1. Quick check on the exposure proxy: order 50, 103 from fewest to most C-beta atoms within 10 angstrom.
2. What is the dipole size for the chain, taken about its Cα centre, with +1 at each Lys and Arg Cβ and -1 at each Asp and Glu Cβ, in debye to the nearest 20?
3. In nanometres, what is the gap between the two model label sites at residue 40 and residue 23, each 7 Å from Cα along Cα-to-Cβ?
4. Just need log10 I(q)/I(0) for the range 66-160 at q = 0.13, 0.20 Å⁻¹, Debye formula, equal scatterers on the alpha-carbon atoms, no solvent, rounded to two decimals.
5. Could you run the Debye sum over the Cα atoms of the chain, one equal point scatterer each and no solvent, and tell me log10 of I(q)/I(0) at q = 0.11 Å⁻¹, two decimals?
6. Charges on Cβ only, +1 for Lys and Arg, -1 for Asp and Glu, centred on the Cα centroid of the chain; of 105, 144, 122, which one is farthest towards the dipole's positive end?
7. Using θ = phi - 60° and the Karplus relation 6.51 cos²θ - 1.76 cosθ + 1.60, list the HN-Hα couplings for the range 55-65 in order, rounded to whole Hz, with x at every Gly or Pro.
8. Only helical DSSP H runs with n ≥ 4 go in: add -39500 (n - 2.57) per run for the chain, normalise by residue count and round the 222 nm mean residue ellipticity to 500 deg cm²/dmol.
Amino acid sequence: MAVMSSDFDPGERRLAKPPSDRYPAIEPEAATVPSAATGSLVRSVSYGAIAAFGGALATVLLGGVVALSAGLLVVWASAGNAIGLATRFGGGLAVARSTRIGIAAGLALTGAALGQLGLWWYAGTEGGVLPLLAYLGETFGILVPLQALLAVGFAWWAAR
């Protein structure tokens, strides 16, 4: 005769506490959703401006000192993404989505323009004598507006 599991009862063995009591309870809303108090318009603009300045600085270093040209497209795609994320993080729930996107796009465009001005300034320190638009047109050509478009596009996408 086969022994069935219901026929065999070794006794009641239970833990004093359930295993899940070892882990602290975290409220899901508090862990995933920032409150309105965590962000502000000033913080959104400040964080985004820091990221935009970093992109402009990277443009001068990589485009001027290292002499990259097409690689600056990657720089501004990354910088635009960083600007969008920074404005989103800095604004939290206190800044409306449309406002945050406008801030990010404006800062991305401003940062790209500052980067181009920085490149022209660096070329002047190296002995360049061309005016701004002539220098950018001859040296980088279509890459200048493409950088601005990538920066604004990635900033818009990340700030949504």
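1. Working: 50 15, 103 26.
By the 10 Å Cβ count, ascending: 50, 103.
2. On the way: 9 positive and 8 negative charges, 63 e Å.
Using Cβ point charges on Lys, Arg, Asp and Glu, the chain gives about 300 debye.
3. Using points 7 Å along Cα→Cβ, the separation is 3.7 nm.
4. Once normalised to I(0) and log-transformed, intensities are -0.47, -0.86.
5. -0.55
6. Positive-end residue among those listed: 105.
7. With the stated coefficients, the range 55-65 comes to x, 5, 5, 4, 5, 5, 5, 7, x, x, 6 Hz.
8. After summing the helix terms and dividing by residue count, I get -20500 deg cm²/dmol.
Values in this text are rule-based calculations from the coordinates and carry no lab data. Remember, predicted model here, so these are calculated numbers, not experimental data. Heads up, the Cβs are rebuilt from the backbone with ideal geometry, glycines too, and the neighbour counts pull from every protein chain shown.
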